[in-house]
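Scroll down for the structure; my scribbles are underneath it.
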Amino acid sequence: MNDKEVVAIIDDDESIRKALVRMLGAAGMEVLAFSSAKDFLAVIENEHVSCVVSDLRMPEIDGLHLQRALAERMPDVAIVFVTGHGDVPSTVQAMKSGAVDFLEKPVRRADLLEAIARATQRTHRAEAEAVDLNSLKRRYAKLTPRERQVFALVTAGLLNKQIAVELGNAEKTTKQHRGAVMNKMQAESLADLVLMAEHLGVRPSHADFSRAKGLVRAG
């Protein structure tokens, strides 16, 4: 198994591209080099890269357009810009869109290696978070429709008796549903369950939440 970091270099200047390949190769990285963003995007989904180092101004597809395409197709992969044509608006746009760094040519070796290190860390962290989210989604898919309602109301802060009123159940039945939710979601505490709901974007409707509280107050 190859445990080297794989970095994609995209630059239409052949001399700079070759220099970057030598620099990163000497640092123990595996490098994929492309003369255009178009060539890179044609093969990216068949490659696993730790980060992208790209020029900003390139023919056909420039760096900012590449960044948007990468966000749609490979959202976990971080990008570092290296350019001889940096300007403040482009820098601001690139950083707001998630670029790890924006370095001007000629780039210092230490600066580039440090930026790549941060980019690969961000990529690995995003990949791990995506795996965790997919696992959460699989567990959530195993909940029954009623259990999903209980999940939403519990994590919104309602008590068992409030949920029972909302769903027209006995409080004992609500407790059983709540226990099933905790078990299927593999949650060790209510705090765990609330965090899972945040990640999944689970929310009760405003009407359900208000009605449940209102009925309990009326009772």
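Quick notes on this structure:
- Residues (within 13 Å of LEU113 (Cα to Cα), part of a helix (DSSP H, G or I) and not aliphatic (A, V, I, L, M)) located in the range 1-59: ARG22, GLY25
- Filter result for VAL150 (of a type in the set (Val, Ile, Thr) and more than 30 Å from ASP11 (Cβ to Cβ)): yes
- Residue among VAL6, VAL31, VAL52, VAL21 that is crowded, with 21+ Cβ neighbours inside 10 Å and either closer than 24 Å to ARG125 by Cβ or at pLDDT 90 or above (or both): VAL52
- Top-ranked residue of the range 133-147 - restricted to ones that are in a helix (DSSP H, G or I) and touching a residue at least 40 places away in the same chain (Cβ under 8 Å), ranked as farthest from GLU166 (Cα to Cα): LEU133
- Residue match in the range 129-141 (condition: over 27 Å from the mean Cα position of the chain (by Cα) and either among the basic types (Lys, Arg) or not assigned by TED's automatic domain parsing to the domain that holds ALA187 (or both)): no
- One residue stands out in the range 154-163 among those that are without any contact (Cβ under 8 Å) to a residue 40 or more places away in the chain and in a helix (DSSP H, G or I): the one that is surrounded by the most Cβ atoms within 10 Å (Cβ to Cβ), namely VAL154.
- Only one of the numbered conditions (1) in contact with a strand residue (DSSP E or B) (Cβ under 6 Å, 6 or more places away or on another chain); (2) not aliphatic (A, V, I, L, M); (3) not in a helix (DSSP H, G or I) is violated by ASP76, and that is (1).
- Of all residues in the range 164-197, those satisfying the criterion of being touching a residue at least 24 places away in the same chain (Cβ under 8 Å), in a helix (DSSP H, G or I) and within 23 Å of LYS137 (Cα to Cα) are THR174, HIS177, ARG178, ALA180, VAL181, LYS184, MET185, LEU190, LEU193, VAL194, MET196, ALA197.
- Test: ARG73 is within 25 Å of VAL131 (Cα to Cα), assigned by TED's automatic domain parsing to the domain that holds ARG122 and loosely packed, with under 15 Cβ neighbours inside 10 Å: yes
- Within the range 99-109, one or more residues are closer than 30 Å to VAL80 by Cα and in a helix (DSSP H, G or I).
The values are calculated or read from the model by the stated rules, or taken from the named source; none is laboratory data. Remember, it's a predicted structure, so these values are computed and weren't measured experimentally. Every residue, glycine among them, receives a Cβ derived from its backbone with ideal geometry; neighbour counts consider all protein chains shown.
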